[in-house]
Structures are given as C-alpha cells and as structure tokens.
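Q: Below you will find the structure I want to go over with you.
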Amino acid sequence: MSEKRDYYEILGVSREATDAEIKKAFRKVARELHPDVNAHDPEAEEKFKEAAEAYEVLSDAERRGTYDQFGHDGLRSGGYQSQAQGFGSIDDLFSAFFGGGFGASRGPAPGADVGVRTEIELGDVLDGTTREVEFDAVTSCEHCHGNGAEPGTPIRTCDRCGGSGELRSVANTAFGQMVRATPCDRCHGDGRIPEEPCKVCSGLGRKHTAKKHRIDIPAGIESGQRIRISGAGHAGETGAPPGDLYVEVQVAEREGMVRDGQDLITVVPVDATAAMIGDTLEVETLDGEDEIELAPGTQPGAETRLKGKGLPQLGSSRRRGDHRFIFNVIIPANLSEQQQKLAADLDGTLTDENREPKESGIFSRMRRAFG
C-alpha cells in the first residue's frame, strides 16, 4: 500500500465523527480484517495495520488536528511515525488494542470434532436405518476420571498463574498501557496442577482410544448430508466439554434408478412395435415388482409415473415422491429384406394422423434421465 488512503475513509467515518464513533468504527473494522476470519485475503494483515494507523492518528486530538489541516504531509513533516507498523505479528497488535489475541481461548480447551463417513443402500432411505461407525478419538482417562491426577493424590493451585488459568503482561505502547492475557503454559488454562500426574495418561486427563457409536439414519436422507451427535467427539482438556461427532452419509447408487429429490427416474427401453401398439410392462421399484402401461403410439421420451413409489421427505416415511419412467423407443436395425418390405408396406398405409408431432422437452428430459 504505497499511497496512503484517507484515514476517515479507512475507518468509514465522517470528519465530524466523535472519539467514541472513531473507536467503535475501528473495533468493527479491526475484527473484520483479522486473518482468522478473513483468511481468503492475503493482504488482511496489512489492511489491519493501515486501520490501526488511522486510529492511532484520529484518536489523538493533536495528531488529528494536524492531519485535518495538512494531511499526511503535515504528519510526516512533524516527525510522526506509525507505531502500528512496528509490531511483529498481528496477534501482538491485537493484544495492544484489545488485551489479548482475537478470539483467544482461556481455560481448558474444549474437545475437537470428529468426522466419519458411512454408506447406506438406496432402499434404506425409505424407512431409515442404523449404522455403527468406528473411529479413533481422544477420550477421558478412566484411571484418573479426567482430572490428570493419580487417584488419591491432591490437585494444587497452579503457582505460575495463581489459579487464574492465564498469564498477563503489561506493555507500554503508543496507544497507552496495554494488557495482554494468554493461557497459562503450565496448567494449560485450568488453574490447577496435579501433585502426582496420572500414570496412565501422564497427567493429561485424556488418551487415544478406538470408539464405536451406533447412529440412527433418518428416512429421506440424501447423499452427502451429515448427522451430528453432540458430545461424541474428542474429549476436552481437564473437564472441558467434548467435541461433536459428524457422520457424513453416502447413499449408494442403484443400477437403473436415478434420484431426483424425492422422485426416482428409470429409463425403460421398449421396442418400436410395442410403442406403436401398446403393452403392459413389468418394472422394478423400491417396493418390488410392479406394472406400468405403455400406451399405443408412445413417443420417444414420453413419461409415465407410479405415484407414491419414490422416496420420502427427510425424517418422514409417510409422504413419498413418485417413480418416473421415461420410455426409450428402440428403432430396429439390421432388417432383413422381408422386414424392410413389411416396414415399407406399413409406411405406405400411414397418414398425417399417424404422424403426431414430437413431444416438447424430450431431449432435456432424456439428458436428465441419463444423469
């Protein structure tokens, strides 16, 4: 950012803004620009330092007066240098303003989430099903019940942080005296330390183990949807709440059936002669064998459906979609001379009434049916 922008423009305030309005605007801009919530912008850190410099000037009455009269040149000629550019890291700069890193955690860290996948058949979507998933997770140590101390031994207050779980440091900056708070590196934010660490988990209160969890998969679920099981993830540190388990469900494809929301689509090949004179066809549905009628004069791409033979809405097995059948009329090939003569004889008897216009939307429906 070689050319400096207007400080008021950076913070989004007017030149008549009060000190309170300037402070409020800076806090809003600062949090929006923090890399933790703006990771897609590689210039976020520099933009934040630019906003900090603007606040540094506009929050000081003397500097603001100079800037209002003479702009950036007036500040430079007066020997002003931004302190914001001198901070080594964005966290240090945030600490100077807000007394701690952006979103900094205090106390024992909660457990992380766990993600696994499981697969079900298309037929399982009708009524729902259950699956047992296996995964590795950090669990609370059974030997010490998660407190990190050998059973029967005391837990004392951390002498480094005095039981507060955090360490505070005071620094004098251009913005005044700033306090920075970080989790205690000895008790990891718990404020207590076991006199004798647990022999099984080395005082961590947690250990890795293989876990199993049986989950209920609701009717109507779609491939890629996730089920959340609260508290079934990794255990938290020394009594902190556990994370969650997220199970992504994959619905296996079934040959001959394409899912379209609650509907199922099947492409049915039919002979041209059957399409001309009509027929009754046996088809497969999720409920078993069924029949559909092929009306005389059926055109390529025509569609019929069995109502209520599709898939249910999520969480309900009562209301179901339809099973749609699209007819793919097969034109015979490699005709013998006799067959060609019969076809020619038939063609000679056809009139305009026999040649109905093709149904609109055939090609789009066929493309959709074939996936």
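Q: Take the residues in region 314-363 that are at pLDDT 90 or above, part of a loop (DSSP other than H, G, I, E, B) and under 22 Å from Ser223 (Cα atoms); name whichever of them is farthest from the chain's Cα centre (by Cα).
A: So the residue we want is Asp322.
Q: Additional query: Considering region 272-313 alone, what residues qualify as being of a type in the set (Gly, Ala, Ser), closer than 25 Å to Ile217 by Cβ and assigned to a loop (DSSP other than H, G, I, E, B)?
A: Gly308, Gly310
Q: Pull up region 287-304, narrow it to residues that are in contact with a strand residue (DSSP E or B) (Cβ under 7 Å, 6 or more places away or on another chain) and hydrophobic (A, V, I, L, M, F, W, C), then point me to the one that is surrounded by the most Cβ atoms within 10 Å (Cβ to Cβ).
A: Within region 287-304, the match that is surrounded by the most Cβ atoms within 10 Å (Cβ to Cβ) is Leu294.
Yes/no matrix, rows are residues, columns are (1) buried (at least 17 other Cβ atoms within 10 Å of the Cβ); (2) farther than 30 Å from Thr153 by Cβ; (3) free of Cβ contacts under 8 Å to residues at least 12 places away in the same chain; (4) of a type in the set (S, T, N, Q):
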| position | (1), (2), (3), (4) |
| --- | --- |
| Pro197 | yes, no, no, no |
| Ser223 | no, yes, no, yes |
| Gly243 | yes, no, no, no |
| Val247 | yes, yes, no, no |
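Q: Quick check on my filter: what residues within region 12-24 are farther than 15 Å from Asp60 by Cα and either outside the structural domain of Arg64 (by TED's automatic domain parsing) or surrounded by 16 or more Cβ atoms within 10 Å (Cβ to Cβ) (or both)?
A: Val13
Q: If you don't mind, another one. State which residue pairs qualify: first residue under 21 Å from Pro296 (Cβ atoms) and inside region 327-341, second residue part of a helix (DSSP H, G or I) and modelled with pLDDT under 90 in any location, beta carbons under 8 Å apart, and separation of 6 or more residues or different chains.
A: Close Cβ pairs (under 8 Å, with a partner that is part of a helix (DSSP H, G or I) and modelled with pLDDT under 90) amount to Asn328/Met366; Pro332/Gln339.
Q: Got at least one residue in region 204-213 being more than 30 Å from Arg186 (Cα to Cα), surrounded by 13 or more Cβ atoms within 10 Å (Cβ to Cβ), in contact with a Leu (Cβ under 7 Å, 6 or more places away or on another chain) and free of Cβ contacts under 8 Å to residues at least 60 places away in the same chain?
A: no
The values are calculated or read from the model by the stated rules, or taken from the named source; none is laboratory data. Values in this document were obtained by computation on a predicted structure and should not be read as measured data. Glycine also receives a Cβ, built like all others from the backbone with ideal geometry; neighbour counts cover every protein chain displayed.
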